[in-house]
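Comments concern the structure below.
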Amino acid sequence: MSRVLVILPSIDLDTTRACIQTMRFVDPATVPILTAGHGRPDIASVTGPDWTGMSPDVRLTVVYNKPEHNLGVAGSWNVGVAQMFEDRYDWLVVCSAAVRFGPPGGRDLIKFLGEAAQAIPRPKVIEAGRDLGWHLLAFHRDTLRHVGPFDTIFHPAYYEDRDWSVRFQRAYGVNANAP
């Protein structure tokens, strides 16, 4: 099984709560829903039910941004990038609070990432499907190490996905305009 870290930026508590309630890779009841207060964003991490050694195989980290201090999408994702490297997760899944998981509750995605990690060649980035694009996207640790984190210059949001995609194409010699 691959070790997976899911990063969920939050700005609207109701939307975040609705997303978390559809997750089955963590117990939604264990995820603290932090109220919007003053100061820096709060960060809450919970682990899934499956453990290997001293570390969980699945962790959800929610970055509760606040109107007066918002890390932005890229900054929130980078909280996950740092945590992924520090705790040696294999995959970082960026998840939008607008996502609603179907009956498997995301366990199908977690299982697929475990299988993909064994594939040769291993995928570098995996879109979760159903045209979710950057709303639910998995990045392998080696890919983020090679391409780098998300650029926060596009604060609070928009274009960080395009910037990272261009850097990915350059890093791996991909010509996006090729037939």
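Overview of results
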| read-out | value |
| --- | --- |
| The chain, accessible surface, carbon-and-sulfur percent (1.4 angstrom probe) | 54 percent |
| Spacing of the two label points (7 Å from each Cα toward its C-beta) at ASP108 and VAL174, in nm | 2.4 nm |
| Given 14 as the ceiling on other Cβ atoms within 10 Å, longest exposed-site-free region of the chain for trypsin sites (Lys or Arg not before Pro) in DSSP loops | 1-87 |
| Residue-averaged 222 nm ellipticity for the chain, from DSSP H runs of 4+ at -39500 (n - 2.57), nearest 500 | -9500 deg cm²/dmol |
| Efficiency of FRET from Cβ geometry, ALA44 and ASP151, R₀ 30 Å, rounded to 0.05 | 0.75 |
| Region 110-159, accessible area per residue, ligands and nucleic acids excluded (1.4 Å, Å²) | 63 Å² |
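The values are calculated or read from the model by the stated rules, or taken from the named source; none is laboratory data. Treat the numbers as computed from the prediction; the structure is a model and nothing was measured. Note that each Cβ is placed from the backbone with ideal geometry, even for glycine, and that neighbours are counted across all protein chains shown. All accessible areas refer to the heavy atoms of the entire protein, side chains included, with ligands and DNA or RNA removed. Shrake-Rupley method; radii C 1.70, N 1.55, O 1.52, S 1.80 Å.
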